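No lab work stands behind these numbers, since they all come straight from the coordinates. This is a predicted model, so every value here is computed, not measured. As a convention, Cβ positions derive from the backbone with ideal geometry for all residues, glycine included, and neighbour counts pool all protein chains shown.
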Amino acid sequence: MTDWLAEQTRSLTQIFKDKGSDEFNDDFHALSEAHREWLAARDFFELATDPDLVDYAILSLKAAERRYVYLWKKMREKDF
């Protein structure tokens with residue numbers, strides 16, 4: 001799923017790159033930040049060994065993924 005979402009992000013970037021809208025730039029930056037947070041949460045999950053940290057890592061990973069998917073869908077629905 002990670003590869004698919006990364007490809008979708010790249011396609012959104014290409015579609016909206018020519019648009020000079022400040023609103024788009026804000027949304028795109030939020031999406032980029034959410035993607036970085038998701039990748040960081042995934043890396044943390046892979047490195048967590050303590051059971052309490054594993055639970056935290058799972059929750060963080062799920063939250064970051066959902067935020068990214070939400071922002072991605074929100075951008076796809078907008079008509080720039």
Considering residues of segment 37-57 that are exposed (fewer than 12 other Cβ atoms within 10 Å of the Cβ), assigned to a helix (DSSP H, G or I) and not aliphatic (A, V, I, L, M) only, the residue nearest to the chain's Cα centre (by Cα): E46
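Rundown of residues vs (1) among the aliphatic types (A, V, I, L, M); (2) out of contact with any Leu (no Cβ under 9 Å at 6 or more places or on another chain), yes/no style:
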site: R36; (1), (2): no, yes
site: A40; (1), (2): yes, yes
site: F45; (1), (2): no, no
site: D52; (1), (2): no, yes
site: A57; (1), (2): yes, no
site: K62; (1), (2): no, yes
site: L71; (1), (2): yes, no
site: K74; (1), (2): no, no
site: E77; (1), (2): no, yes
- line: Going through segment 21-80 in order, the residues found to be without any contact (Cβ under 8 Å) to a residue 40 or more places away in the chain, more than 17 Å from D3 (Cα to Cα), aliphatic (A, V, I, L, M) and touching a helix residue (DSSP H, G or I) at 6+ places or on another chain (Cβ under 6 Å) are A48, A57
